[in-house]
Structure formats: structure tokens, C-alpha cells
1. What do you reckon, is Gly43 touching a Ser or Thr at 6+ places or on another chain (Cβ under 9 Å), among the small types (Gly, Ala, Ser), at pLDDT 95 or above and over 15 Å from Phe148 (Cα atoms)?
2. Among the candidates Lys319, Lys354, which residue alone is over 23 Å from Gly174 (Cβ atoms), touching a Gly at 6+ places or on another chain (Cβ under 8 Å) and either surrounded by fewer than 17 Cβ atoms within 10 Å (Cβ to Cβ) or without any contact (Cβ under 8 Å) to a residue 40 or more places away in the chain (or both)?
3. Give the residues of the stretch 299-316 that are open to solvent by 40 Å² or more (accessible area, probe 1.4 Å) and either farther than 17 Å from Asp247 by Cα or under 25 Å from the mean Cα position of the chain (by Cα) (or both), sorted by residue number.
4. With respect to Ala332, determine if the residue is surrounded by 17 or more Cβ atoms within 10 Å (Cβ to Cβ), under 23 Å from Arg293 (Cα atoms) and away from the ligand (no atom under 16 Å from the Cβ).
5. What single numbered condition from (1) assigned to a loop (DSSP other than H, G, I, E, B); (2) of a type outside the set (S, T, N, Q); (3) open to solvent by 40 Å² or more (accessible area, probe 1.4 Å) fails to hold for Val276?
6. Find the residue count for the stretch 173-201, including only residues that are open to solvent by less than 50 Å² (accessible area, probe 1.4 Å) and within 16 Å of the ligand (Cβ to nearest atom).
7. I'm checking my understanding of the structure. Among residues of the stretch 94-138 that are open to solvent by 10 Å² or more (accessible area, probe 1.4 Å), more than 10 Å from the ligand (Cβ to nearest atom) and among the aliphatic types (A, V, I, L, M), which one is farthest from Ala405 (Cα to Cα)?
8. Checking the structure you have, find out if any residue of the stretch 382-390 is in the same structural domain as Ile204 (by TED's automatic domain parsing), within 15 Å of the ligand (Cβ to nearest atom), of a type in the set (D, E, K, R) and buried (at least 21 other Cβ atoms within 10 Å of the Cβ).
Amino acid sequence: MDIDKTILKNLCNRIDTYGEEAIKIEKALTAIQALSPENGGVGESEKAEFIQKYLTEELGCKTIEHYNAPDDRVPSGVRPNIAARLKGKNVEKTIWIMSHMDVVPPGDLSKWTNDPWTIRVEDGKIFGRGTEDNQQGIVSSLLTAKAFVEENHLPEYDLGLLFVSDEETGNGYGIEYILKNHSDLFTNEDFIIIPDSGNEAGTIVEVAEKGILWIRFEVIGKQTHGSTPELGINAARASAHLVTSLDQLYDKFNVNDPVFDPPISTFEPTQKEANVPNVNTIPGQDIFYYDCRILPSYDLSEVKSFVQQVTREIETKQKVEIKISYPQEFAAAPPTPTDAPVVISLLKAISEIKNVKPKAMGIGGGTVAAFFREANFNAVVWATQDETLHGPDEYVKIDNILDDAKVFAHVALQK
Ligand SMILES: [Zn+2]
């Protein structure tokens with residue numbers, strides 16, 4: 001993993017001059033409202049055209065493949081996905097950087113300081129919808145490629161820039177579509193880096209996620225007046241017993257995996273639906289939910305059957321009927337090993353470029369990397385972000401765009 005320090009320095013110095021360029025690209029991208037049809041938009045086609053034009057005209061990129069997912073809900077009829085490739089010294093693998101083109105709606109406009117679709121630059125930050133999520137990734141990867149082109153230096157391996165649709169509303173027309181229909185685009189040797197989440201210091205490299213299990217409990221007893229409990233069956237009391245009893249989940253599924261933060265599976269009662277509207281009625285029905293985040297070492301079915309068992313015991317003891325359903329469940333994708341080459345290379349690049357101590361970690365669940373991991377490709381999620389995404393006054397720091405671009409350049413130089 002030796003790298004030529006002089007070339008790295010030249011690339012970094014060049015990237016340091018790209019501040020204005022970053023603003024220019026962010027300005028153009030933000031003005032194009034790439035909202036999915038679910039969010040009342042026309043999709044990503046116009047944004048894809050801008051990126052395509054930038055790749056060909058500014059970067060002279062000749063290898064661009066299109067994987068358009070048909071979608072007749074949008075005017076163009078397709079949800080575009082673009083895979084561009086900058087040739088490297090050898091073709092054994094491709095260093096992919098994947099960003100998504102779609103954005104979420106701005107929400108309450110009165111909470112924004114300015115029009116969300118017109119960028120505002122202040123204190124080294126670019127404000128606007130999409131500037132961080134995920135245009136930071138789009139721009140930093142484009143600038144990495146630009147630096148190699150302008151330095152007239154080939155990356156060690158092919159540098160692949162992947163721009164996908166539909167990340168915010170399910171990925172069915174984006175990376176899931178590509179992996180279903182064109183998974184030969186990737187090899188097991190490839191590096192897949194997804195700059196779509198991170199922390200302020202840029203020290204978290206996400207390699208794994210927990211499984212998600214949401215549980216709905218409907219406890220059915222018998223409603224009666226608050227003064228005559230003997231005539232009814234109190235569903236609220238049965239619920240309370242059930243919640244207390246379900247704390248056994250923490251003992252039963254107690255594996256500790258230090259890759260994750262927190263390192264354990266979690267089983268938490270969350271939402272509770274309103275039962276009776278007044279104090280002097282004993283509820284005959286009580287509905288509540290659990291949000292469980294489960295380490296990949298467990299099968300969701302093991303958890304489910306233990307939940308069933310505990311629930312049946314409470315049913316008998318409390319003389320109620322309890323219906324269980326699962327509004328959402330995702331088994332954890334197999335983790336990307338912390339010693340996978342993409343992880344080692346990225347950690348090395350981050351620590352040398354940013355002078356911090358990065359760490360490979362697992363999180364609570366729900367990242368787009370799971371689609372790659374499901375398909376047995378190693379993928380990591382990393383960026384340096386204040387995580388202002390989805391809120392009003394979303395912004396990206398220009399320095400973060402440039403530093404992330406340098407980190408990618410470092411990875412692309414490693415032999
Ligand atoms: Zn995102």
C-alpha cells in the first residue's frame with residue numbers, strides 16, 4: 001500500500017484550489033430539484049444530464065455507462081443511474097465512489113433562511129437542499145477525478161464514479177435496480193465507498209449494521225368502569241407486565257460486539273397508542289410498539305420466537321389475548337469485515353490526510369451499503385459531515401468536500 005508522496009502532494013495541492021469549483025457545481029446541482037415521484041417530483045434525469053455533461057466536457061471521461069431504471073411516473077420515463085470510469089494503471093479492480101442524486105423535499109419553507117434551491121455561501125459553508133445529502137459525495141468524487149485528470153496522473157486502479165437515483169425512497173430504481181440487473185458491474189476485488197453519512201471529525205467508517213425488527217402488540221382485555229375492576233380485564237396492566245417481562249430479551253440476546261455503538265442488541269418499547277379517553281375507564285385494549293436493533297450474529301426468527309414465548313406466558317397469567325405483528329423487519333446484511341482491503345485503505349487514507357484516528361464501526365441499521373453487503377460485496381460508508389441533512393438550512397462545509405476528495409485520491413493512489 002505504498003504511495004508516491006510527491007504525487008499525493010500535487011493532487012492535494014490541486015484539490016485545495018477547487019473551492020470555487022465546488023461552489024459552482026453545488027450551485028448548479030442545488031438548482032435542479034431532483035425529487036422522486038413519491039415526493040411529488042420529476043426524478044433525477046436533469047441532474048444526471050448535468051453530471052454527464054460535467055464528466056464529458058470537464059473531465060474528458062470516455063467510459064460512461066447508463067443503467068436507466070424504467071419508471072413511467074416521471075416525464076423522462078426513467079430513473080437514471082450513471083457509472084463513469086477513469087482508467088487506472090491496472091484493471092484488477094475499481095475504486096467505486098457512490099453518491100445519490102435525489103434529494104428530500106425542503107419541508108417548512110419558513111424555517112429556511114433563504115430559498116432552499118438557491119445556494120447561499122457563508123463562513124465556508126454552502127447552504128441549500130441537497131448540498132450535504134448527497135451532493136457532497138457527488139462533488140468530492142468529481143473533484144478527485146478532476147485532480148487526476150489535471151495532474152495528468154493515472155490512479156493505481158480504475159476510479160469509478162457511481163451516481164444513482166432513488167436513495168431517499170427505497171433504492172428500487174437506484175442501487176437495488178443495478179445490483180439486480182447489472183451486478184456484473186462490480187467484482188469482489190472492487191472497493192465500494194459510499195460518502196453518505198459520517199461525523200464531524202470524519203472518524204467513523206461504517207462497516208456493519210444491525211437488523212431491524214419493529215413489533216406491534218395489541219393487548220385485548222375487557223373494558224369496564226374504573227371503580228369495578230373485577231368486572232373487566234385491564235389491558236394496560238397486562239401491557240405493563242409484558243414490557244417488564246420483555247426486558248429478558250437483553251439477557252437472552254446479550255452478545256457484545258465492540259464493532260458496534262452501542263455494542264449490544266437493543267429492545268426498546270417506543271410508541272404507545274391512545275387507549276381510553278378518560279381516567280375512570282379501565283382499558284379493554286392497549287396497543288404499543290417495540291423498536292429492536294439486533295446484532296448480525298442473531299437470526300430475527302430467534303428473537304421473534306422468544307418474544308412469542310414471553311407473550312404467551314403473560315397472556316395466560318393476565319387472562320388477555322395478545323396479537324403480535326411486525327410492521328418492519330430487515331435482517332442485518334453480513335458485515336464488511338474490518339480487515340477488508342477497502343476498510344484498511346480508507347482508514348489509512350483518512351488518518352494520513354486528516355490527521356485523525358478513524359475507526360471501523362457498526363451502526364443501528366438502514367444504510368444503502370446493506371444492498372451491496374447482501375450481494376456479497378464489501379462496502380463502507382464514510383464522509384466528513386455535520387449531518388445537517390433533511391433539515392432546514394442544510395449545509396456542507398467546503399473544506400469537507402475538498403478533504404474528502406483528498407482522502408479518495410489517497411485511496412486511489414495506494415498500490
Ligand atoms: Zn443520503
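The values are calculated or read from the model by the stated rules, or taken from the named source; none is laboratory data. No experiment lies behind these values; they were computed from the predicted model shown. Neighbour counts are summed over all protein chains in view; Cβ atoms, including those assigned to glycine, are modelled from backbone coordinates with ideal geometry. Only protein heavy atoms, including side chains, enter the accessible area calculation; ligands, DNA and RNA are left aside. Shrake-Rupley method; radii C 1.70, N 1.55, O 1.52, S 1.80 Å.
1. Values: touching a Ser or Thr at 6+ places or on another chain (Cβ under 9 Å): yes; among the small types (Gly, Ala, Ser): yes; at pLDDT 95 or above: yes; over 15 Å from Phe148 (Cα atoms): yes.
It is true that Gly43 is touching a Ser or Thr at 6+ places or on another chain (Cβ under 9 Å), among the small types (Gly, Ala, Ser), at pLDDT 95 or above and over 15 Å from Phe148 (Cα atoms).
2. Details: Lys354 fails: either surrounded by fewer than 17 Cβ atoms within 10 Å (Cβ to Cβ) or without any contact (Cβ under 8 Å) to a residue 40 or more places away in the chain (or both).
Result of the check over Lys319, Lys354: Lys319.
3. Keep residues of the stretch 299-316 that are open to solvent by 40 Å² or more (accessible area, probe 1.4 Å), which gives 299, 301-302, 304-305, 308-309, 312-313, 316.
Of everything in the stretch 299-316, those that are open to solvent by 40 Å² or more (accessible area, probe 1.4 Å) and either farther than 17 Å from Asp247 by Cα or under 25 Å from the mean Cα position of the chain (by Cα) (or both) turn out to be Asp299, Ser301, Thr316.
4. Values: surrounded by 17 or more Cβ atoms within 10 Å (Cβ to Cβ): yes; under 23 Å from Arg293 (Cα atoms): yes; away from the ligand (no atom under 16 Å from the Cβ): yes.
When the stated conditions are applied, Ala332 passes them.
5. (3)
6. Matching residues across the stretch 173-201 total 10.
7. Leu109
8. First, pick out the residues of the stretch 382-390 that are in the same structural domain as Ile204 (by TED's automatic domain parsing): 382-390.
Still in the list and also within 15 Å of the ligand (Cβ to nearest atom): 382-390.
Now restrict to residues that are of a type in the set (D, E, K, R): 386-387.
Now drop any that are not buried (at least 21 other Cβ atoms within 10 Å of the Cβ), which leaves none.
No, because not a single residue in the stretch 382-390 is in the same structural domain as Ile204 (by TED's automatic domain parsing), within 15 Å of the ligand (Cβ to nearest atom), of a type in the set (D, E, K, R) and buried (at least 21 other Cβ atoms within 10 Å of the Cβ).
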